[in-house]
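Worksheet: one structure, shown below.
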Amino acid sequence: MGYSEKENRQATIQEYLINHPDASLRELGELLGISRQRVHIILQGMDLKNVGIDKWRKLTDHQVDILKQLARGHTDRQIAEFMGCSAQSIRNQLQVIYAKLNVHKRKDAVQLAVKHRILPKSVVITE
């Protein structure tokens, strides 16, 4: 991907997120004609402060429920069983959560969610 093409995609993502703070990776991928994974990679390289990080961090109730299960130390499979969906669906949602929180690991997602009071400290299982 050329430098200007990357800049164009980032600008498109920023503009879309300003107007659609609850956008999913799927929506962004469809907008740009690329995969969710590619959108996630692009988001990781962006400074999301320009789009209002608090808006982008807005998680759905379903995503907060997944974070609660992560905080309790559950695996993707355990979370899927609890929520009545597939483990792949949980993995997909985790990618969206990570992108919204601009993190790469479960631990970081949970810590950030607690820090910003998305999750109460009481749900976190410490090892």
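Some notes on this structure:
- Tabulated pairs, the stretch 10-35, first closer than 20 Å to Q63 by Cβ, second among the polar types (S, T, N, Q), C-beta under 6 angstrom, 6+ apart or interchain: G29/S35
- If you go through the stretch 77-127 and pick out every residue that is hydroxyl-bearing (S, T, Y) and surrounded by 15 or more Cβ atoms within 10 Å (Cβ to Cβ), you end up with 2.
- Annotation: of all residues in the stretch 21-63 being aliphatic (A, V, I, L, M) and at pLDDT below 65, the one that is nearest to A113 (Cα to Cα) is I53.
- Qualifying residues in the stretch 4-33 (those that are of a type in the set (A, V, I, L, M) and within 17 Å of the chain's Cα centre (by Cα)) - the one surrounded by the fewest Cβ atoms within 10 Å (Cβ to Cβ): I18
- Those helices (runs of 4 or more DSSP H) of the stretch 59-127 in which at least 3 residues are under 20 Å from E27 (Cα atoms) and β-branched (V, I, T), considering only elements entirely within it, cover 87-101.
- All positions within the stretch 69-105 that are closer than 22 Å to R36 by Cα and among the acidic types (D, E): D76
The values are calculated or read from the model by the stated rules, or taken from the named source; none is laboratory data. For clarity, every value in this text was computed on a predicted model and none was experimentally measured. We place every Cβ from the backbone using ideal geometry, glycine too, and count neighbours over all the protein chains shown.
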